[in-house]
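What follows is a single structure, written as structure tokens, with notes after it.
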Protein chains: 2
Amino acid sequence: MELLEERIRKDGIVKEGNVLKVDNFLNHQMDIELFDEMGKEFKRLFADKPINKILTIEASGIGIACVVARHFHVPVVFAKKTQSINIDGEVYSSKVESFTHKRVYDVIVSKKYLSPDDHVLIIDDFLANGCAVNGLIEIIEKSGATVEGIGIAVEKGWQIGGKTLRDQGYQLESLAIVESMDPATGEIVFRH
Amino acid sequence: MELLEERIRKDGIVKEGNVLKVDNFLNHQMDIELFDEMGKEFKRLFADKPINKILTIEASGIGIACVVARHFHVPVVFAKKTQSINIDGEVYSSKVESFTHKRVYDVIVSKKYLSPDDHVLIIDDFLANGCAVNGLIEIIEKSGATVEGIGIAVEKGWQIGGKTLRDQGYQLESLAIVESMDPATGEIVFRH
């Protein structure tokens, strides 16, 4: 998506350690008009899928998912991160490793909000190794619902998440795939 | 706001210990079309304010804030909860006590995203004792920005937060104010 790539070139900051900071417009300050354009594009890409619910994960997926959901006319459910052990029987859960925070979270969704009738689009801001998306897929499968697709804002193309999910047969649409980036020059190359 | 009150009556669950569960449509599963109507109403209520930014707090404020922001054509910034001690000089921070989680969080916003030029509308899902909103006000004041108003979905009218903020002179608009609720009967009375 040209608009998103331009914005990443303009406002993204490449840092040592494979870090691409896009907190100017994507995951701390959020450009809602950009999100709205992303929503239109996801709707075009998943037009033939019978999506009735969007699932995302707190916190930075929520804003994108909610603005995108307007284009699908469906509710959003966000999975909650928790470190509490006493998870009762009323939730679906999975474990997700966070590289940013160097921790393993339990991620939970109430059983009330996913069922075998649901056809789910997963939305998240970033895809790298795929831990968060795999956790959401595990939750959807436990509920008996169907994964109709995965919509990502920014994929780090050299990490394993995208390839693994595509090899498994999921329709994964990343609006910008970063092929490589150079912290010395700030140069960012996109896959097309 | 009639539409929100009706929805709380229909889907809200009153529990012992002053708990009103609205996770069916507000803060776990999220009804985006309802949020859109809430956005229209906030725009009407704050029409005369020169708002150029919306500030909320993760996680459950983010969805409402992003859908509301479309009606103001402004970006959203969300304050992040952190328990890390090593907060560097690049953020504004305040301490917020969470009654739900019985913890004190550091709440932070990057200094890049609030400045004396900003005129800020605070948006959150719930107002009870006002701890979260007071933390956001403290952050806005530290940045030199102006608090133009506070927009809340559901206020617990018998708790101190609303009265304190109104007494301080803030324009606080809660779309539904619960005056009282009865866990035995499930009855909910709204203030008008």
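For each of A:Glu173, A:Glu187, A:Glu97, count neighbouring Cβ atoms within 10 Å of the residue's Cβ, then give the residues from fewest to most.
Working: A:Glu173 17, A:Glu187 11, A:Glu97 14.
The fewest-first ordering by Cβ neighbours comes to A:Glu187, A:Glu97, A:Glu173.
In the stretch A:10-165, what percentage of the DSSP-assigned beta bridges are antiparallel, given to the nearest 5?
Looking only at bridges with both residues in the stretch A:10-165, the antiparallel portion is about 50 percent.
On a 0 to 90° scale, report how tilted helix B:2-11 is relative to the longest principal axis of chain B, with both axes built from alpha carbons and the result rounded to the nearest 10.
Computed tilt is about 70 degrees.
Along Cα-to-Cβ, 7 Å out, sits the label point; list in nm, shortest first, how far the one on B:Lys40 is from those in the other copies.
2.2
If one takes the longest principal axis of the Cα atoms in chain B, at what angle in degrees, from 0 to 90 and to the nearest 10, does the Cα axis of helix B:131-143 lie?
Approximately 20 degrees, to the nearest 10.
Starting from a label point 7 Å past Cα on the Cβ side, list the distances from A:Glu97 to the same position in the other copies, nm, shortest first.
Distances to the matching label points in the other copies: 3.9 nm.
For the stretch A:77-176, restrict the atom set to alpha-carbon positions and state the Rg and Dmax in Å.
According to the Cα coordinates of the stretch A:77-176, Rg and Dmax are 13.4, 39 Å.
Only Lys, Arg, Asp and Glu count, each charged at its Cβ (+1, +1, -1, -1), so figure out the dipole size of the protein assembly as shown about its Cα centre, rounded to 20 debye.
The dipole magnitude comes to about 480 debye.
Against the longest principal axis of chain A, how steep is helix A:32-45, in degrees 0 to 90 to the nearest 10, with axes from Cα atoms?
70 degrees
Using the Cα centre of the protein assembly as shown as origin and beta-carbon charges of +1 (Lys, Arg) and -1 (Asp, Glu), tell me which of A:Val14, B:Met1, A:Val107 is placed farthest towards the positive end of the dipole.
A:Val107
Which cross-chain or sequence-distant (5 or more) residues have an amide H under 5 Å from the amide H of A:Lys53, H modelled 1.01 Å from N in plane?
Here A:His119, A:Leu121 satisfy the definition.
Please express the shape of the stretch A:52-136 as an equivalent ellipsoid: the semi-axes are the square roots of 5 times the eigenvalues of the C-alpha gyration tensor, given largest first in whole angstrom.
21, 17, 10
What does the convex hull of the Cα atoms of the stretch B:2-190 come to per residue, in Å³, rounded to a whole number?
Here the figure is 107 Å³ per residue.
How big is the charge dipole of chain A about its Cα centre, in debye rounded to the nearest 20, if each Lys and Arg gets +1 on its Cβ and each Asp and Glu gets -1 on its Cβ?
The calculation lands at about 340 debye.
What GluC sites (Glu not before Pro) does the stretch A:1-53 have in DSSP loop regions with at most 15 other beta carbons within 10 Å?
Passing both the DSSP loop test and the Cβ count: A:Glu16.
In nm to one decimal, list the spacings between the B:Tyr170 label point and its equivalents in the other copies, with label points set 7 Å along Cα to Cβ, shortest first.
Label-point separations across copies, in nm and ascending: 3.9.
Give or take rounding to whole Å, what are the principal axis extents of the alpha carbon atoms in the protein assembly as shown, in descending order?
Principal-axis extents of the protein assembly as shown (Cα, largest first): 56, 49, 37 Å.
Bear in mind that the values in this text are calculations on the coordinates, not laboratory data. Since the model is a prediction, treat every value here as computed from it, not as a measurement. Reconstructed Cβ throughout: ideal geometry from the backbone, glycine too, with neighbour counts over all protein chains shown.
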